[in-house]
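As structure tokens, the structure follows; a few thoughts come after it.
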Amino acid sequence: MRFIGNIEAKLDVKGRAFLPATFRKVLQASGEEKLVMRKDIHQECLVLYPESVWNEQMDALRSRLNRWNKVHQEVFRQFVKDVEVMTLDGNGRFLISKRYQRMAQIEQDITFLGMGDTIEIWSTQQAEESQMKPETFSAAIEDLMQDAEVK
């Protein structure tokens, strides 16, 4: 499952958005019906996980945590507490609640970013502000890939 692309959209007055058709096709092709939404851990955006990807993430995190360790339980609780499970309506829409809109500083204009196995939802303004400068991006890629094997 690969979500790619950068698609701008708008919320309607009720806070609903259409999941872009290209992303809906990826979901349908993989047999996914439910999405899980949560605020990103690092950025001011929301993340949509197909249910199977969310379950993998939860399992991966849980496997690294000890249920009998208080800090580990708090980390897991924080990770799962602000999660919403959703299904698209017949028109391909879903609701972004007011609470989630505040968390991600979303007003009306949004940007969907395909991030491989997840989809990020940004306030369009925040998406533009969060981008790396071209020279910073170039240097980071060069640093990351300098020791990579060429295929």
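In this structure, the amide hydrogen of ASP40, modeled 1.01 Å from its nitrogen in the peptide plane, lies closer than 5 angstrom to those of CYS45, LEU46, VAL47, counting only residues at least 5 positions away or on a different chain.
Which shape class applies to region 45-151: rounded if a/c is under 1.5, otherwise prolate when a/b exceeds b/c and oblate if not, where a ≥ b ≥ c are the square roots of the Cα gyration tensor eigenvalues?
Details: a/c = 1.78, a/b = 1.10, b/c = 1.62.
Taking the square roots of the gyration eigenvalues as a ≥ b ≥ c, region 45-151 is oblate.
When each of the peptides 128-139, 18-29, 90-101 is scored by how many other beta carbons lie within 10 Å of its residues on average, the order from highest to lowest is 18-29, 90-101, 128-139. Ranked by the mean number of other Cβ atoms within 10 Å of their residues, highest first, the peptides 32-40, 69-77, 115-123 come out as 115-123, 32-40, 69-77.
If you roll a 1.4 Å probe over region 101-151 with all protein chains in place, what percent of the accessible area is carbon or sulfur?
50 percent
Which net charge results when you count Lys and Arg as +1 and Asp and Glu as -1 among the other residues whose beta-carbon is under 10 Å from that of VAL80?
Details: positive: ARG38, ARG62, ARG77, LYS81; negative: ASP82.
Counting the neighbours of VAL80, the net charge comes to +3.
Residues whose amide H comes within less than 5 Å of that of ARG16, counting only those at least five positions distant or on another chain, are ILE96 (H built at 1.01 Å from N in the peptide plane).
With every protein chain present, what is the per residue accessible area of the chain (1.4 Å probe, Å²)?
67 Å²
May I ask you to give the percent of accessible area on region 1-96 that is carbon plus sulfur, with a probe radius of 1.4 Å? Walk me through the numbers on the way to the answer.
On the way: 3060 of 6130 Å².
Reported share for carbon and sulfur atoms: 50 percent.
Cross-linked pairs LYS98/LYS133; LYS10/LYS98; LYS14/LYS98; LYS25/LYS133: Cα-Cα separations exceed 20 Å for LYS98/LYS133; LYS25/LYS133.
The values are calculated or read from the model by the stated rules, or taken from the named source; none is laboratory data. Just so it is clear, the model here is predicted, and its values are computed rather than measured. Every residue, glycine among them, receives a Cβ derived from its backbone with ideal geometry; neighbour counts consider all protein chains shown. The protein model used for the area step is the full one, side chains on, heavy atoms only, and it has no ligands, DNA or RNA in it. Shrake-Rupley method; radii C 1.70, N 1.55, O 1.52, S 1.80 Å.
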